[in-house]
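Read through the structure below, which is laid out as structure tokens, and then see the notes.
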Amino acid sequence: MKPEAQSPASPPFTSVGKLPVSTKLAWGVGGFGENIANAAILSLVYPIFNVALGLSTLAIGLAMALSRIVDAVVDPIVGNLTDNTHSRWGRRRPWMFVGSILMALFFCAVWFLPTSMPQLPKMVAVHLLDAKAAQKATTEPAHDTAPKLYDSLSWYVVSAQDVTLTPDSATGSFQVELRHAPDSATSFSIVPADSAQASALTVSPAQLVFTPENWQTPQTVSVTALATSGEASHALRILPSADVLDSPALQQIGITSYSALQMFLAFASVCLLFYFSFTVFVIPFSGLGIELTDDYNERTNLQIYRLVASFCASLLVGYLYLWSQKAGAWLGGDEVLGARAVGIGIGLLVLISTMLPALFCRERFSSAERKKAPLPLLKAVQLTAVNKSFRMLMGSVFAVFMGLFFSLPFMTYIGIYYCCGGDKLLAAEIGGVMTIVQTVGQFLAMPLISWANQRVDKKTILFTGLAISIVGYASSWWLFTPENPWLQIIPVVVAAWGLCACWAVNGSFAADICDEDELNTGHRREGLYSAVFAFVYKSAIGIVALGSGALLAWAGVAGQETMLSDDTLLKVRLAYLCIPVVFLSLAVWAMWFYPLTRERVASIQAELKSRRDEVA
């Protein structure tokens with residue numbers, strides 16, 4: 001396959017029906033890099049930065065929200081620029097080429113942050129059990145299938161992440177040890193993660209001092225429960241005294257140390273750079289896909305190629321956490337070290353797959369648009385905002401993204417702590433199998449969607465998919481069970497099968513809307529429409545990142561836990577069930593009166609053809 005040059009002699013408007021398979025493959029493969037780059041961030045960020053490193057869920061959510069919201073504001077600017085770019089390579093391909101390189105680089109950079117930032121405080125969870133709970137804990141079988149991971153990146157560690165206290169054993173202990181000698185006497189503080197918990201425990205000593213002479217000797221910390229009449233879990237932070245950050249405002253988002261503040265700022269900055277480069281690629285990539293064909297059915301078929309590539313990426317995403325653990329163990333470390341190796345591999349795949357459409361796809365309207373006066377940004381945004389069909393589509397898309405993305409972080413904690421009893425390896429193995437089953441089902445659904453696309457309206461396909469997804473999320477209440485952890489596959493797979501129908505028609509809807517827009521404005525503005533689509537998508541992720549982090553903190557998730565309380569798990573399960581069902585129902589309502597039927601689109605295209613013939 002060789003790149004197709006932009007021919008200046010090509011006619012200003014070319015009617016394109018069926019596309020060559022090579023064109024559909026070249027464009028569709030970009031969906032692999034688009035999906036895996038974004039999904040890998042969402043899939044690994046909480047397991048690595050919260051579960052392994054202990055960065056607050058609120059801090060993670062805020063960092064991702066800020067980066068996505070700032071980036072979303074840039075989207076219309078990039079979209080309008082791609083619509084008005086004039087070069088020998090076309091309007092969109094130069095942007096895609098640059099975005100591909102930057103996206104791969106900044107994706108890899110995310111997973112190198114833990115080794116380039118100061119170490120975060122260590123966490124020890126203290127579980128207070130009454131007599132009944134203590135008896136239950138001794139009779140339940142223990143999970144011992146986790147790989148042997150070694151925290152090779154930390155310069156100070158604790159001997160245990162959990163201390164369990166009961167009426168018969170109200171005092172427990174753990175040790176703090178250093179991996180290398182300090183330059184001078186270094187004081188460590190042991191403080192409650194929540195000041196309200198201080199009255200429930202006594203910690204002795206509350207401070208430790210390591211010197212160049214005694215650093216090789218671990219020091220013991222004793223923890224005593226003041227009362228064990230009920231079940232409760234408390235968290236202790238162990239950190240150098242100089243690292244303690246006394247800022248009530250920052251403590252509200254879980255930042256209690258200077259190292260956590262530095263990690264938060266670095267993570268937010270790298271996320272901002274990654275998502276900006278993601279924008280530079282995805283907006284012209286999506287715009288190119290919208291303009292490739294004007295055939296009503298072929299538009300959906302083209303999106304199916306993108307979906308198939310995305311599903312291939314999903315096969316890998318489900319295994320990333322497992323591979324991070326395996327790679328970490330093989331490298332003599334833990335999942336944090338393993339994520340760095342996995343990140344490099346995924347970054348290379350992102351680079352290769354997103355570079356292909358930039359090199360091998362040809363644009364249809366570059367020559368024609370070059371002859372028109374460019375639309376100013378504000379005017380272009382105004383014209384887009386008044387398009388009623390597009391507003392309906394964006395309302396539905398926003399609701400679907402909100403429902404889907406809210407469920408993802410909650411599923412991580414349900415899978416690890418509820419269904420698998422804290423066994424991270426088992427949860428990762430089930431997640432991998434779940435991804436295979438889900439992706440195979442989505443592959444099998446594509447011919448059915450293509451068949452339905454020839455016979456029913458796109459809106460019918462959308463509503464059917466949303467209804468199936470609602471059933472999948474609702475069934476999680478009964479099928480997420482610790483008695484049979486593997487049943488968690490069914491609700492997730494059913495919900496995903498339904499949503500794949502939505503992904504197949506959304507891009508096709510956008511292409512129809514661009515025809516309607518050309519009829520009204522005289523311009524082909526796929527770039528700006530793709531930018532607004534991306535704005536809605538990123539705004540949803542930003543809101544979800546902040547909202548899910550806040551909800552996880554409200555539910556009682558702190559970080560570095562080996563187990564969560566029953567009350568916390570109940571709140572997380574309710575959030576996973578209710579939020580997606582509500583938002584997917586809103587998505588149906590938003591598209592109920594969508595006006596661009598098959599007949600209306602045919603009428604629009606006939607009028608456009610008449611205009612183009614006059615111009616020619």
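Some notes on this structure:
- The mean sequence separation of alpha-carbon pairs under 8 Å and at least six residues apart, normalised by the residue count of the chain, gives a relative contact order of 27 percent.
- Per-peptide average of other Cβ atoms within 10 Å, ordering 429-437, 455-463 highest first: 429-437, 455-463
- Alpha-carbon Rg/Rh ratio, for region 331-471, with Rh computed the Kirkwood way: 1.06
- Alpha carbon centroid spacing (whole Å) that separates region 147-226 from region 565-587: 36
- Only helices enter the 222 nm calculation for the chain: every DSSP H run of n ≥ 4 contributes -39,500 (n - 2.57), and dividing by all residues gives -20500 deg cm²/dmol, rounded to 500.
- Rolling a 1.4 Å probe over the protein heavy atoms of the chain, with every protein chain left in place, gives an accessible area that is 65 percent carbon and sulfur.
- Amide H contacts of Ser152 (H built 1.01 Å from N, in plane; Pro and chain starts excluded): Asp334 sit under 5 Å, all sequence-distant by 5 or more or on other chains.
- Each principal axis of the Cα cloud of region 459-532 was evaluated for its coordinate range; sorted largest first, these ranges are 61, 23, 14 Å.
- For Lys571, the solvent-accessible surface with a 1.4 Å probe is about 50 Å², rounded to the nearest 10.
- Extent of the chain along its three principal axes (Cα atoms, max minus min coordinate, largest first): 89, 51, 41 Å.
- Pairs over the 29 Å Cα-Cα cut-off, from the set Lys122/Lys424; Lys122/Lys571; Lys424/Lys459; Lys24/Lys459: Lys424/Lys459.
- Euclidean distance between Cα centres, region 287-348 to region 423-459, Å: 15
- Unit Cα scatterers, Debye sum, region 243-327: log10 I(q)/I(0) for q = 0.10, 0.19, 0.25 Å⁻¹: -0.54, -0.99, -1.12
- Solvent-accessible surface (1.4 angstrom probe) belonging to Glu614, in square angstrom, nearest 10: 150
- Put simply, the amide H of Ala193, placed in the peptide plane, has neighbours under 5 Å in Ala235, Leu236, Arg237, leaving out anything fewer than 5 places away on its chain.
- Accessible area in square angstrom per residue, region 512-616, 1.4 angstrom probe: 41
- In plain terms, the C-alpha convex hull of region 28-85 casts an average shadow of 5.1 nm² when viewed from every direction.
- Pairs of Cα atoms farther than 14 Å apart, region 205-263, %: 69
- Crossing angle, helix 526-555 versus the chain [Cα axis fit, 0-90 degrees, rounded to tens]: 20
- Think of each Lys and Arg Cβ as +1 and each Asp and Glu Cβ as -1; about the Cα centre, that makes the dipole of region 323-441 roughly 960 debye.
- Other residues with beta-carbon under 11 Å from the beta-carbon of Glu429 carry, at +1 per Lys or Arg and -1 per Asp or Glu, a net charge of +1.
- Reciprocal of mean inverse Cα separation for region 491-616 (Kirkwood radius, Å): 18.4
- Residue order for Trp478, Trp486, Trp503, Trp592 - accessible surface, 1.4 angstrom probe, largest first: Trp478, Trp592, Trp486, Trp503
- Helix 57-84 axis versus longest C-alpha principal axis of the chain: approximately 20°, rounded to the nearest ten.
- As a length-normalised measure over Cα pairs under 8 Å and 6 or more apart, the relative contact order of region 432-509 settles at 41 percent.
- Helix axis angle, 320-330 relative to the chain longest principal axis, alpha carbon, degrees: 50
- In a reduced charge model with +1 at each Lys and Arg Cβ and -1 at each Asp and Glu Cβ, the chain shows a dipole moment near 2200 debye about its Cα centre.
- Beta bridges per DSSP with both ends in the chain, % antiparallel, nearest 5: 90
- In sequence order, calculated HN-Hα J values of region 588-600 (Karplus, 6.51, -1.76, 1.60; Hz; x Gly/Pro): 5, 4, 5, 9, 4, 10, 4, x, 8, 7, 4, 5, 5
The values are calculated or read from the model by the stated rules, or taken from the named source; none is laboratory data. Here the structure is a predicted model, which means the values were calculated and not measured. Neighbour counts run over all protein chains shown; Cβ positions are idealised from the backbone, glycine included. These area figures cover heavy atoms from the full protein model, side chains too; ligands, DNA and RNA do not enter into them. Shrake-Rupley method; radii C 1.70, N 1.55, O 1.52, S 1.80 Å.
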